[in-house]
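Asker: One structure follows; several queries about it will come next.
The values are calculated or read from the model by the stated rules, or taken from the named source; none is laboratory data. All values reported here derive from a predicted model rather than from experimental measurement. Cβ atoms come from the backbone with ideal geometry, glycine included; neighbour counts cover every protein chain shown. What goes into the accessible areas is simple: the full protein's heavy atoms, side chains included, and nothing from ligands, DNA or RNA. Shrake-Rupley method; radii C 1.70, N 1.55, O 1.52, S 1.80 Å.
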Amino acid sequence: MDFGLVLQTDPPASAVVELMQRAERQGFTHGWTFDSAVLWQEPFVIYSRILEHTQRLVVGPMVTNPGTRTWEVTASTFATLNDMYGQRTVCGIGRGDSAMRVAGRKPNTLARLGEAIDAIRDLAEGREAEVDGQPLRIPWVKDGKLPVWMAAYGPKALALAGQKADGFILQLADPYLTEWMVKAVRAAAAEAGRDPASIKVCVAAPAYVGDDLAHAREQCRWFGGMVGNHVADLVSRYGEHSDVIPEALTAYIRERHGYDYSHHGRAGNPSTDFVPDEIVDRFCLLGPAEAHIEKLRVLRDLGVDQFAVYNMHDAKEATIDAYGAQVIPALNG
């Protein structure tokens, strides 16, 4: 199993680079960041520094979207990083939550997202693609390679991931929901004539190693609120009781009342007081290292190829080191 580290690009950027270096030394293979231009610093600038100061780490956004930048700009940026540092990027992409809403825009449609996945990959790999009706090709790209991994929750998005994406990003670590969603992605891939096993599966969630479970929960409760933004979209589209969405995903947002993006993805977020302990325990990895190992083995058996640690809490270095010393060797030993 691969392991990734997910960070917000808060200043100073040097701190982000140092944590990514630490993660690589501890056996992590991927370095991911949020991508929301108003809330945090520009990640692609920081990726260049991360790549320069690491040897093997693969970097990318979790996740970008088709609306913040034009598709040829996104593709050219990835292709430039790959040309400089040797095919060490991955494009995580979704409809856009904080990046679009904070800027007063709606998240992108799935139709536009599907078009963007094809166009960004084709352009970054040196092929011609159509962007807003205009055929484009980046002439200097030679032997480019850009895997595009899509974040999804709902049935239509899961189907799109299976039809088009090279990888599927699931932002929660609940085994029941993981099994349900991985099956949906792979079924859509098979129906589209693709090899379902070729699609990488990345589960991303907060991890907090330690014996003080109550403290760990408070440090990670923000994650239930972040996931709740996407769940609220699904409930508005399909209804609270729907045959196409498990109630295990939707029931907990009944007490949700709005969301303040100024605290997005941060411990102590006041917009997440509706998130019960049970959801924090299901969606995150908490407790001693042995509990993390046990849950990760279950996820691995469900077909998860990578676990990406959301590291937004008060024990960043300790979590990276605990994973390097105990969790990663146990899963890959």
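Asker: For Ala325, only one of the following conditions fails: (1) part of a loop (DSSP other than H, G, I, E, B); (2) open to solvent by 40 Å² or more (accessible area, probe 1.4 Å). What is its number?
Answerer: Going through the list (1) part of a loop (DSSP other than H, G, I, E, B); (2) open to solvent by 40 Å² or more (accessible area, probe 1.4 Å), Ala325 breaks only (1).
Asker: Right, here's the next one. Can you go through Asp143, Asp166 and tell me which one is of a type in the set (Asp, Glu), open to solvent by 10 Å² or more (accessible area, probe 1.4 Å) and on the phi > 0 side of the Ramachandran plot?
Answerer: Criteria check complete, one pass: Asp143.
Asker: Considering Thr74, Thr68, which residue is buried (at least 24 other Cβ atoms within 10 Å of the Cβ) and in contact with a helix residue (DSSP H, G or I) (Cβ under 7 Å, 6 or more places away or on another chain)?
Answerer: Thr74
Asker: Which of the numbered conditions does Ser14 fail, given that it passes all the others? Conditions: (1) in contact (Cβ under 8 Å) with a residue 40 or more places away in the chain; (2) open to solvent by 50 Å² or more (accessible area, probe 1.4 Å); (3) among the small types (Gly, Ala, Ser).
Answerer: (1)
Asker: Here's a follow-up. Taking the condition closer than 25 Å to Cys220 by Cβ, part of a helix (DSSP H, G or I), open to solvent by 10 Å² or more (accessible area, probe 1.4 Å) and among the polar types (S, T, N, Q), does Gln21 pass?
Answerer: yes
Asker: If you don't mind, another one. Criterion first (under 21 Å from Ala151 (Cβ atoms), β-branched (Val, Ile, Thr) and open to solvent by less than 10 Å² (accessible area, probe 1.4 Å)) does Val63 satisfy it?
Answerer: No.
Asker: Going by what's in this entry, would Asn108 be described as outside any helix (DSSP H, G or I) and open to solvent by less than 20 Å² (accessible area, probe 1.4 Å)?
Answerer: Considered against the rule, which asks whether it is outside any helix (DSSP H, G or I) and open to solvent by less than 20 Å² (accessible area, probe 1.4 Å), Asn108 comes out as yes.
Asker: Further, regarding this structure: Restricting the search to the stretch 246-266, which residues are under 23 Å from Ser98 (Cα atoms) and either of a type in the set (Gly, Ala, Ser) or in a loop (DSSP other than H, G, I, E, B) (or both)?
Answerer: Ala251, Arg256, His257, Gly258, Tyr259, Asp260, Ser262, His264, Gly265, Arg266
Asker: Which residues, taken from the stretch 291-315, are part of a helix (DSSP H, G or I), buried (at least 16 other Cβ atoms within 10 Å of the Cβ), in contact (Cβ under 8 Å) with a residue 40 or more places away in the chain and over 18 Å from the mean Cα position of the chain (by Cα)?
Answerer: Across the stretch 291-315, the qualifying residues are His292, Lys295.
Asker: Looking for something open to solvent by less than 40 Å² (accessible area, probe 1.4 Å), more than 21 Å from the chain's Cα centre (by Cα), on the phi > 0 side of the Ramachandran plot and at pLDDT 95 or above - is there at least one such residue anywhere in the stretch 231-241?
Answerer: no
Asker: Select from the stretch 103-119 the residues that are among the aliphatic types (A, V, I, L, M) and at pLDDT 95 or above and list them in ascending order.
Answerer: Selection gives Leu110, Ala111, Leu113, Ala116, Ile117, Ala119.
Asker: Any idea which residue in the stretch 273-290 is most open to solvent (accessible area, probe 1.4 Å), counting only those that are under 22 Å from the mean Cα position of the chain (by Cα) and aliphatic (A, V, I, L, M)?
Answerer: The selected residue is Leu286.
Asker: Does any residue of the stretch 248-255 turn out to be open to solvent by 60 Å² or more (accessible area, probe 1.4 Å), touching a residue at least 60 places away in the same chain (Cβ under 8 Å) and not hydrophobic (A, V, I, L, M, F, W, C)?
Answerer: no
Asker: Being in contact with an Asp or Glu (Cβ under 8 Å, 6 or more places away or on another chain), open to solvent by 40 Å² or more (accessible area, probe 1.4 Å) and assigned to a loop (DSSP other than H, G, I, E, B): is that true of Gln55 here?
Answerer: Yes.
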